[in-house]
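Okay, so here's the structure we're looking at.
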Amino acid sequence: MSSAFLAACRRQPVDHTPVWFMRQAGRSLPEYLKVREGVPMLQACATPELVVEITMQPVRRYGVDAAIFFSDIVVPLKAIGVDLDIKPGVGPVVADPIRDARGLEVLRDLEPDDVGYVTESIRALVGELGGTPLIGFAGAPFTLASYLIEGGPSKNHDHTKAMMYGEPRLWHALMDRLTSIVARHLRIQIDAGAEAIQLFDSWVGAVAPDDYREFVMPYTRRIFEAVTDVPRIHFGVGTGELLALLGEVGADVVGVDWRVPLDEAARRVGPGKALQGNLDPAILLAPWEAVERKATDILRRGGQAEGHVFNLGHGVLPSTDPDQLKRLTELVHAFR
């Protein structure tokens, strides 16, 4: 069975623009809320039958062109023994933030047995999906480092930047360890059957281009060099000033948030890459006429890219009406 999603990632001809949604597996879906009731996030991520059900829900409801593996970017850190939890309404919270060389000791190598539930879940999903590609994913080293250093989400990444600028040897040692963990986590997912991967660098938009080049880029590039056998997507938030650099790190597809029009993003990224994006998730809370107008404009601009995977510019908001996403999927599929 041919896949428009995989073809678009590889900049090959497609008969329709493929579409999937970040955070499509949950939050706004009533069936997701029902199966997650009373189940903590990290417990759900480690329960294969729940992972399969939640991953499949948006595929059944929307008819999207790809499934995204239900998990969280901190799963491999939890699996190797980092004392962390995901607090509702807050996000990942780390009990003992890493602020010195001794803190690095907890970051041992990730082994397949540490995340056996990931392999089990993906193998089951490959059978369930019936040809719909499964996207595996991981958090990029910079974003994971920020959580580990700050102890949780941060607006300004104060401690992170203080280490990056003030203790560069410690910073590079931390990034080196995280790079090995992330690359191994992606390889485990691919070996289990994931047909594409996405690297989320949610907070890297906080970094200036010169600092990205010195402190982040070498590690991101190393990850993509380790997983060359499937299409690779790279996504960050607030990365308009970094798009040219994101086009150089080795990904096949550059994700674009809603702040940069796709035709301009294609110019900044340069040739040889597909683009993914980039509807503002908040627009889905507006009347359908506004959604239709904006989505159609994005589809037209996406035609300037060598390949285009339609997506949101960030994740689905919890208050989104699932019917809006269903109509949006149908609109994208019908566009010519």
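The values are calculated or read from the model by the stated rules, or taken from the named source; none is laboratory data. Since this is a predicted model, take the numbers as computed values, not measurements. For neighbour counting, all protein chains shown are included, and Cβ atoms are generated from backbone atoms with ideal geometry for every residue, glycine included.
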> Is one or more of the residues making up segment 9-19 within 29 Å of Asp113 (Cβ to Cβ), touching a strand residue (DSSP E or B) at 6+ places or on another chain (Cβ under 6 Å) and crowded, with 17+ Cβ neighbours inside 10 Å?
Replying inline: no
> Is it true that Pro209 is of a type outside the set (Ser, Thr, Tyr) and either in contact (Cβ under 8 Å) with a residue 60 or more places away in the chain or buried (at least 21 other Cβ atoms within 10 Å of the Cβ) (or both)?
Replying inline: no
> Which of (1) in a helix (DSSP H, G or I); (2) without any contact (Cβ under 8 Å) to a residue 40 or more places away in the chain; (3) within 26 Å of Asp252 (Cα to Cα) is the odd one out, the single condition Asp229 does not satisfy?
Replying inline: (1)
>> Taking the criterion of being within 26 Å of Pro112 (Cβ to Cβ), under 20 Å from the mean Cα position of the chain (by Cα) and among the aliphatic types (A, V, I, L, M), would at least one residue in segment 34-43 satisfy it?
In response: yes
> For segment 169-197, which residues satisfy the criterion of being closer than 20 Å to Val126 by Cα and in contact with a Lys or Arg (Cβ under 8 Å, 6 or more places away or on another chain)?
Replying inline: Ala192, Gly193, Ala196, Ile197
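Look at segment 267-279 and say how many of its residues are touching a Leu at 6+ places or on another chain (Cβ under 8 Å) and closer than 19 Å to Gln198 by Cβ.
Looking only at that region, the number is 5.
For segment 92-107, does any single residue satisfy the condition of being under 18 Å from the mean Cα position of the chain (by Cα) and surrounded by 14 or more Cβ atoms within 10 Å (Cβ to Cβ)? Before the answer, list the steps.
The first filter runs over segment 92-107 and keeps only residues under 18 Å from the mean Cα position of the chain (by Cα), leaving 92.
If we keep only those that are surrounded by 14 or more Cβ atoms within 10 Å (Cβ to Cβ) too, we end up with 92.
Scanning segment 92-107, I find at least one residue that is under 18 Å from the mean Cα position of the chain (by Cα) and surrounded by 14 or more Cβ atoms within 10 Å (Cβ to Cβ), so the answer is yes.
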> For the subset of segment 192-212 comprising residues that are more than 19 Å from Gly255 (Cβ to Cβ) and in a helix (DSSP H, G or I), which member is farthest from the chain's Cα centre (by Cα)?
Replying inline: Asp210
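Quick one: which residue in Ala162, Ala124 is among the small types (Gly, Ala, Ser) and either within 18 Å of the chain's Cα centre (by Cα) or more than 30 Å from Ser2 (Cα to Cα) (or both)?
Of the residues listed, the single one that is among the small types (Gly, Ala, Ser) and either within 18 Å of the chain's Cα centre (by Cα) or more than 30 Å from Ser2 (Cα to Cα) (or both) is Ala162.
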> Looking at segment 239-250, which of its residues are assigned to a loop (DSSP other than H, G, I, E, B) and more than 11 Å from Met217 (Cβ to Cβ)?
Replying inline: Thr239, Gly247
>> Only one of Gly151, Gly130 is at pLDDT below 95, over 22 Å from Glu111 (Cα atoms) and surrounded by fewer than 23 Cβ atoms within 10 Å (Cβ to Cβ). Can you tell me which?
In response: Gly130
>> Looking only at residues that are aliphatic (A, V, I, L, M) and touching a strand residue (DSSP E or B) at 6+ places or on another chain (Cβ under 7 Å) in segment 209-241, which one is nearest to Thr160 (Cα to Cα)?
In response: Ile223
